[in-house]
1. Sum up the charges of everything whose Cβ sits under 14 Å from the Cβ of residue 68, counting Lys and Arg as +1 and Asp and Glu as -1, but leave residue 68 out.
2. Show me the three semi-axes of the equivalent ellipsoid for the range 43-86, from the C-alpha gyration tensor (sqrt of 5 times each eigenvalue), largest first, rounded to whole Å.
3. Can you run the Rg to Rh ratio on the range 22-129? Use alpha carbon positions and the Kirkwood inverse-distance Rh.
Amino acid sequence: MVLRRGLEVFALTLALGMSGAYGGTVNDLRFWSGPLSTRVVFDLSHPVEHNVFRLVEPHRVVIDLVSIEPLAQSNLPPPKGFVGGVRTGDRGNGVLRVVLDVTTLVNPKSFVLPPNGIYGHRLVIDLEITTRQSD
């Protein structure tokens, strides 16, 4: 009886932990492109903790979003501007990784915007051309 109760508590704890790993969703992902920069905008269901960094050879920008559900490849926008391709992966523990294959060396700068009018929470990443390998 005690063992069974212990197993029930363990199973419930595991289920609650798994369901709590994702706290939100990406409602939309879009790009805007100009001659010297490309803007990436994530429309989110709630504010998100994030980390952005770049890799070289080949050039990529990596975005980790905490507590966000995985994205289906079919929901990703077509490449635009300096973004030559987009792919995603679930890193586990509720972390969604988005990798942008970029066509040139860029310096990513990110900021968050609160809800305003028709837009909800947003994560904005500006990709600006740079010639420096390290910043």
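Each value in this text was obtained by applying a stated rule to the coordinates, not by laboratory testing. Note that the structure is a prediction, hence the values are computed from the model and not measured. Positions of Cβ are backbone-derived with ideal geometry, glycine not excepted, and every protein chain shown enters the neighbour counts.
1. -3
2. 20, 16, 9
3. 0.94
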